[in-house]
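Read through the structure below, which is laid out as structure tokens, and then see the notes.
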Amino acid sequence: MITVVETPLAGVQSAHLRGPARQAYDRFLDELAHSGCAALGYRVTGPEPLPRLCVKHLRGTDRVIVAFPDPATAWVLLVGTHEDDPGRNLYDALYELAGVRPRLNERRTKPPCCADGTPPAADADLVDELVARARALAKSRRRP
């Protein structure tokens with residue numbers, strides 16, 4: 001069994017899910033707890049630390065991004081939509097959270113999240129840093 005934890009930002013984002021989107025997210029959380037990285041689709045490509053993070057397509061344009069500080073723990077970093085609106089695109093939030101931007105000419109691939117059942121190594125320090133940034137982003141988005 002995998003321990004699944006949401007960042008404060010992911011908690012705020014997932015609290016806004018309703019109906020089928022909420023059901024898809026809840027099913028994903030159960031699958032993640034039981035299957036670990038096998039519940040995810042692919043790793044993000046781009047500069048570090050992006051390749052250490054995994055993505056799952058939930059429903060339609062809904063996505064979730066997860067990091068594994070160890071094989072028994074999964075942090076849900078972000079939950080949102082992949083859309084053209086720069087202010088609402090999940091990947092823009094990811095790049096802000098990670099403090100990096102992929103190069104525009106960089107070829108994007110979608111390598112599998114797991115390698116022989118093992119998630120990509122996102123060490124505890126990296127996850128702690130991403131969680132702290134997510135906490136700060138969640139606070140800044142709540143302020144008027």
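Each value in this text was obtained by applying a stated rule to the coordinates, not by laboratory testing. Nothing here was measured: the structure is a model prediction, and the numbers come from that model. Because the Cβ atoms are built from the backbone with ideal geometry, glycine has one as well, and the counts that use them run over all protein chains shown.
So here's what we get for this one:
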{"quantity": "For the chain, convex hull of alpha carbons as volume per residue, Å³", "calculated": "105 Å³"}
{"quantity": "Taking the chain and dividing mean pair separation by its residue count, relative contact order in percent (alpha carbons under 8 Å, at least six apart)", "calculated": "30 percent"}
{"quantity": "Neighbourhood net charge (11 Å Cβ-Cβ; Lys/Arg +1, Asp/Glu -1) for PRO20", "calculated": "+2"}
{"quantity": "Contour excess over end-to-end distance, with Cα ends at THR109 and HIS57 and 0.36 nm allotted per residue", "calculated": "17.2 nm"}
{"quantity": "Cβ-Cβ FRET estimate between ASP116 and ALA33, R0 fixed at 25 Å, reported to 0.05", "calculated": "0.80"}
{"quantity": "Within the chain: Cβ-based charge dipole about Cα centre, in debye rounded to nearest 20 (Lys, Arg +1; Asp, Glu -1)", "calculated": "500 debye"}
